[in-house]
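Everything below concerns the one structure shown next.
Bear in mind that the values in this text are calculations on the coordinates, not laboratory data. Remember, predicted model here, so these are calculated numbers, not experimental data. All Cβ positions, glycine included, derive from the backbone under ideal geometry; neighbour counts span all protein chains shown.
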Amino acid sequence: MTGGEPLLRKDFEDILSRLSQFDVDLSITTNGILADRFLPVFKKHGLKKVNFSLDTLKEERFKEITRRSGYQKTLDNLDLFIREDFEVKLNIVLMKGLNDDEVVDFVRFTKDLPISARFIEFMPFDGNKWDRSKMVSEQEVLAEVGAAFGSENLISLPDEDNLTARKFKIKEFQGDFGVISSVTNPFCGTCNRIRLTANGRIKNCLFSNQETDLLTALRAGEDVEQLILESIFHKKAVRAGMDNLEKLSDPDLHSDNRSMIAIGG
């Protein structure tokens, strides 16, 4: 479950309870501000994986990026969920001139904590003024980490099935880090992700501006299975058909893809 902020939904526990009845592995992405209030709810329904969206480790920059306070609350909740033995990850969207100077700080953050810091390449969505020059690539991240800690101490970890992040760690560090390189080194060939948005639509790729309306059909009593299958079968091989950086840089191909906070799911 992700957002926007999924914990703002008044029916969150009901949704989580219903999902927990399926044989699925539950996880949530949250900004962390409200997470402590829902700790008993998570435990009750078997949710053990929490991804904290945290783009900076600097308090003033946190206020600038999020346009609110809450930095210390986020760190306190991060610490709480680590102590409560949850599987904790950090999601960090990197942008040049904004937080690209914190790559080493985030990796160092994993030294004594059993967490995974995941650097996400800046992706194009409606309203985010995507520009290729703002993006920090997987290659740049690894070069900076190798220079800071020594390339001989940079360990590549085995790829997971249907990976989204290529994972690494620094020798003798407790945690690890990964890079979600959907722009420069996409993982489309093994991707099995389908997103059901907060307003009942299927997106077969986050890069795609095409959506399939399931909610209207469901309310009409129709069988939605065929709609789901058609959406999956029409999934493009690479980034919704934007198979090179030139196409990705064409705003006509991605500017009408709604923003992440409006997608939810």
For this session: Name the long-range amide H neighbours of residue 117: under 5 Å, sequence gap of 5 or more, or other chain; modelled H, no Pro or chain starts.
Result: 90, 176, 177, 178
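Using +1 on the beta carbon of Lys and Arg, -1 on that of Asp and Glu, and nothing else charged, what's the dipole of the chain about the Cα centre, debye to 20?
440 debye
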Exercise. Stretched out fully, how many nm does the piece from residue 259 to residue 49 gain, at 0.36 nm a residue minus the Cα gap?
Worked result: 73.2 nm
Problem set entry | Extension gain, residue 144 back to residue 192 (0.36 nm per residue minus Cα-Cα distance, nm) | 14.2 nm
Exercise. What distance in nm separates the simple spin-label points at residue 60 and residue 185, each placed 7 Å from Cα in the Cβ direction?
Worked result: 3.4 nm
Exercise. With contacts defined as alpha carbon pairs under 8 Å and 6 or more residues apart, what's the relative contact order of the chain in percent?
Worked result: 17 percent
Exercise. How many nm is it between the label spots at residue 229 and residue 73, if each spot is 7 Å from the Cα in line with the beta carbon?
Worked result: 4.7 nm
Seminar exercise, completed: Computed ³J(HN,Hα) along region 193-204: with the Karplus parameters 6.51/-1.76/1.60, θ = phi - 60°, integer Hz and x for glycine or proline, the list is 8, 10, 10, 9, 6, 5, 10, x, 10, 8, 10, 8
